[in-house]
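Here the structure is laid out as C-alpha cells; the discussion comes afterwards.
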Amino acid sequence: YFYKRRALRVLPTFFMAAVLCALLEGWSPLTFVKNVTGWSFWFKNTATFLWFIPAILTLYLLFPAWYAILRRRKSPEIFALTVLAVWLFVSMLRRDTPRYDFFAFTNRLPVFIAGSVCALRSGRDKRMDGEHAVLFTALLGLGLYLALLANYRGVKLMVTLSNCCIPNFLIAVAVCFLLPQALSWIERIAPGRFAVKILRFFGAMSLEFYCVQEAMGRKIREIMGAETEPALTNIVIFTAAVISSWLLYRFAAALTAAKKTGSTT
C-alpha cells in the first residue's frame, strides 16, 4: 500500500512531464526511455532530467526497511548519528569521484535520516514548546547563514557540493517543525486564512510545478528572446507554469482516481 500510493502520486506526473519535455525539446525515443527509467540519473548525470524524482523514488523504496530497522534500535538517535558519521566519512573519502554530480543526491541523505528519526519520535498532534521553537529558529538562522557563505561567498563546508548539504539539512529540519506551527497561528486571523488557502493551492501541485517549470522556462525564454524585459519574461514563465501545473495535477488526479476505481471493481 505504501508503494502503491506513492507510485500513483509520482509516476503519472513524472511520465506526463517527460512527454511534455520530449515534445518541447525534441528527445529521441532512446533519450525518453533513459530519462523516464532513471538510467540517465544513475549512469549519466543526476541533473539530466528532474533529478529529484529518481532520488525520491529511491528513498521511497528504502524507507520501509530503514524505518523498521530504526524502530528496533534501543536508541534511534544514536543509531542515526552513527549512520550519519558513516555517510560523512564515505562522502569525504569519495570527494574526488568522477561522478561529482552524484553528491547532489547523496548530500540529501542526512535530511532523510533526520526526518525518519523525527517521525519516529514525534506524535502527530504534538505541539511545539517554547524551548523547541527557540532551538529550531536558531537552526534555521544558522542554516540560512551557512547557505549565504556556501552559495555566495564560496565557503566549502566539509563535503563536496556543500552548498546543498549542511545548510539544506539545517533549513529543512527547522522548517519542517516551524512551518506547521506558523501556519496554525496564521490561520487564526482572517487574512491569514486566505494566505493559507493560497499556500495549499500551490502545495497540492508542487510536484507538477517542479516537473514543468524548468522546461517551460527554457522554451518561453527561447520564444521571447533575450531582448525582452526579464521581469516580463519571468511573469509569463510563472503564469504558464502555474496553469500547466494545475492542468497536469487535475489530469494526474483523474487518472489516479480512475485506476483506484478500476482496482476496486
Original post:
Quick one: F14, F102, F89, fewest Cβ neighbours within 10 Å first, how do they rank?
Top reply: F89, F102, F14
**OP:** Compute the FRET efficiency between R9 and V86 as 1/(1 + (r/R0)^6), taking r as their Cβ-Cβ distance and R0 = 30 Å, and round to the nearest 0.05.
**Re:** 0.45
Original post:
If you stretched the chain out fully between R99 and L30, how much longer would it get, using 0.36 nm times the residue separation minus the C-alpha to C-alpha distance?
Top reply: 22.6 nm
Original post:
Among R193, R218, which comes first, then next, by fewest other beta-carbon atoms within 10 Å?
Top reply: R193, R218
**OP:** Have a look at R108, R250, R153 and tell me which one the Gaussian network model of the chain (Cα, springs below 10 Å) gives the largest fluctuation.
**Re:** R153
Subject >> Cα extents of region 1-143 along the three principal axes, largest first (Å) >> reply: 54, 39, 33
**OP:** For region 58-108, state what percent of all Cα-Cα pairs lands in each successive 5 Å bin, counting from 0 Å until the bin that includes the largest distance.
**Re:** 4, 17, 21, 22, 18, 11, 5, 1
**OP:** Treating only the Cβ atoms of Lys and Arg (+1) and Asp and Glu (-1) as charged, compute the dipole magnitude of the chain about its Cα centre; round to the nearest 20 debye.
**Re:** 1000
**OP:** Note down the magnitude of the dipole of region 74-122 about its Cα centre, charges +1 on Lys and Arg C-beta and -1 on Asp and Glu C-beta and zero elsewhere, to the nearest 20 debye.
**Re:** 60
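None of the figures in this text is laboratory data; all of them are computed from the coordinates on show. Since this is a predicted model, take the numbers as computed values, not measurements. Positions of Cβ are generated from backbone atoms using ideal geometry, with glycine treated the same way; all protein chains shown enter the neighbour counts.
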